[in-house]
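Each reported figure results from applying straightforward, stated rules to the coordinates on display, with no laboratory input. Just so we're clear, the structure is a prediction, and the values are computed from it rather than from any experiment. No Cβ is skipped: glycine too gets one built from the backbone with ideal geometry, and neighbour counts run over all protein chains shown.
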Amino acid sequence: MTAPSSKAQIRDRFRLQLTALANSAEAAASAALLEGQRRWTTPDLGDWSGDLRDLEGLSKAFDRSEIAQDAKDAVRDAREPGVVGDLMVSQLQGDYLACQERAYRCRHLSPLRARLHAAARLRGHGHEAGLFRQTVLSYLTGLLRASKIAQKDGA
């Protein structure tokens, strides 16, 4: 077994989207100070055409496949492991891109599509095995159990 070594990196798709956000913020600040025209915030298009009717193609602008592969590579082989930081870096990059994609898609939803997405999300939240009844409650129960075990062990 070799010593753990980092497998992840800051991916170009992530870096390009952060640059697009920074440029948009800078332009918005200039517009607020009457130094320029306010522009519509748009992502770096990457391989996407920019056509809002191309719902599948829109994902290309926020592609997370390389990032996901970095996380997989970090845990794939126990003889050549990555490091915990690989998972943290990959998770954070992926989360940023996923949030940006959701926000961009939501901004361009039709009212009907928005209602249907909300209904599906709320149904999941209200489900017996959903976010509130299962996930949050299980997490807090686990924390409480762990703290009681720590108390018994004198930690």
If the reach is capped at under 22 angstrom between alpha carbons, list the lysines near residue 60, excluding any in the same chain fewer than eight residues apart. 72
Which one is right for this structure if Rg and Dmax of the Cα atoms in Å is calculated from it: (1) 17.9, 55; (2) 21.1, 64; (3) 22.8, 68? (2)
Helix-derived mean residue ellipticity, 222 nm - over the chain, DSSP H n ≥ 4, -39500 (n - 2.57), to 500: -19500 deg cm²/dmol
Among 117, 136, 146, which residue has its Cα positioned farthest towards the positive end of the charge dipole of segment 110-155, with +1 placed on the Cβ of Lys and Arg, -1 on the Cβ of Asp and Glu, and the dipole taken about the Cα centre? 117
GNM flexibility winner over the chain from 85, 50, 126 (Cα, springs under 10 Å): 126
Dipole check, segment 1-108, charges on Cβ (K,R +1; D,E -1), about Cα centroid: among 32, 82, 1 the Cα furthest to the positive pole belongs to 32
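Give the order of 1, 88 when sorted by the count of other beta carbons within 10 angstrom, beginning with the fewest.
Arranged by neighbour count, lowest to highest, 1, 88 become 1, 88.
For each of 87, 55, count neighbouring Cβ atoms within 10 Å of the residue's Cβ, then give the residues from fewest to most.
Details: 87 16, 55 11.
If I rank by nearby Cβ atoms, fewest first, I get 55, 87.
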Cut-off is 10 Å between beta-carbons; in what order do 148, 60 appear when sorted fewest neighbours first? 148, 60
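Taking the Cα centre of segment 21-155 as the origin, how large is its charge dipole in debye, to the nearest 20, when only Lys and Arg (+1) and Asp and Glu (-1) carry charge on their Cβ atoms?
Values: 19 positive and 18 negative charges, 195 e Å.
I would put it at about 940 debye.
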Could you give the size of the charge dipole of segment 110-155 about its Cα centre, using +1 on the Cβ of each K and R and -1 on the Cβ of each D and E, expressed in debye and rounded to the nearest 20? 180 debye
